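Below is one structure, written out as structure tokens; comments come after it.
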């Protein structure tokens, strides 16, 4: 984590400012703890990734392998103690997703230079320069890197630790990455000139996410999704298709740009392995806020 990011961060439990205790630092904070003096919330920074979650125990409840990994790789006793306590406080253990998240990191790393990526880049390039950008579901940081080339400060948030480790490897000077939930992100009431959420509507409740984006965006929004809601018990409760998504955005005061008022079908090929490819057709939306 970059020390300069501290000024923007807020406690995800109570919204107050955070204080930073540094245990290891090079060009950025490698290990440390972010603390809230108001509610006494504590958030570890491990391998330069801040864990800004309302409940670390809940996060570990389906990622116990990740908890074990972090215990082995964290160096400071305070951080180890915080992780150990969170693991002990798990109330219900679900199916572990650690390996699955690692697998998706590998898939995304192999699936570069797609037609979808080129289309997103073209869309980003045509926008006026935005001083501040947030990307929900930034994953391994491929789009974050493009955003950072054409705009100002980029903040990426995702719930996959291993994806964020890959994002950090890009070493993008004007970006920072956080392990956080988009529906309770750590930026308080900060406004972003551009909000980006690509292919996450089947992972994050769409209507709730749109409300968060509307509240924290001052100018533009870029959204995309293949509307792949066939995820069984893990699927979102309220599903928005291309028509309903645009209807929601219109009600929220957005105007569509670059002819994205109509659904699109942009090819997005993911290379799962040497014998399996996923071929999505992604819908893209670019919109600007008309009403405040």
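Just order 246-252, 49-55, 133-139 by mean Cβ neighbour count inside 10 Å, highest at the front, would you? Don't jump to the answer; show the numbers that get you there.
Numbers: 246-252: 16.1, 49-55: 21.9, 133-139: 25.3.
Listed from highest to lowest mean packing, they are 133-139, 49-55, 246-252.
When the Cα centres of segment 208-246 and segment 124-167 are compared, how far apart do they sit, in Å?
If we compute the Cα centre of each part, the gap is 18 Å.
Given the options 111, 47, 224, state which has the largest fluctuation in a GNM of the chain using a 10 Å cut-off (strictly under) for Cα springs.
So, out of 111, 47, 224, the one fluctuating most is 111.
Mean separation of Cα pairs under 8 Å and 6+ residues apart, divided by the residue count of segment 158-292: what relative contact order is that in percent? Intermediate values should be presented prior to the final figure.
Values: 194 pairs, mean separation 29.6, N = 135.
Relative contact order here is 22 percent.
For a quick check, take a GNM of the chain with Cα springs below 10 Å and name the residue from 77, 44, 206 with the largest mean-square fluctuation.
With Cα springs under 10 Å in the chain, the top fluctuation among 77, 44, 206 is at 77.
Before anything else, pin down the relative contact order of the chain: Cα pairs under 8 Å, at least 6 apart, normalised by residue count, whole percent. It would help to have the intermediate numbers written out before the result.
Numbers: 555 pairs, mean separation 43.2, N = 292.
For the chain, the relative contact order is 15 percent.
At a 10 Å Cβ-Cβ cut-off, how would you order 71, 198, 165, fewest neighbours first? Display every interim value, and only then the final one.
Numbers: 71 14, 198 22, 165 17.
Ordered from fewest to most neighbouring Cβ atoms within 10 Å, 71, 198, 165 come out as 71, 165, 198.
If I stretch the segment between residue 290 and residue 71 completely, what's the gain in nm (0.36 nm per residue apart, minus their alpha carbon distance), one decimal?
Here the segment from residue 290 to residue 71 would lengthen by 74.0 nm.
Compute the Kirkwood hydrodynamic radius of segment 190-292, taking the inverse of the mean of 1/r over all pairs of distinct Cα atoms, and give it in Å to one decimal. Provide the component values of the computation, followed by the final result.
Working: mean 1/r = 0.0694 Å⁻¹.
The answer is 14.4 Å.
Any idea how far apart residue 277 and residue 24 come out in nm if each label point goes 7 Å out from Cα toward Cβ?
It works out to 4.1 nm between the two label points.
So if I average 1/r over every pair of distinct C-alpha atoms in the chain and take the inverse, what Kirkwood radius in Å does that give? Spell out each step's value before the answer.
Values: mean 1/r = 0.0508 Å⁻¹.
The answer is 19.7 Å.
When the Cα centres of segment 10-65 and segment 77-120 are compared, how far apart do they sit, in Å?
Between the Cα centre of segment 10-65 and that of segment 77-120, the gap is 16 Å.
Here, each number is a calculation from the coordinates, and none is a lab measurement. Since this is a predicted model, take the numbers as computed values, not measurements. FYI the Cβ positions are ideal-geometry reconstructions off the backbone, even for glycines, and counts take in every protein chain you see.
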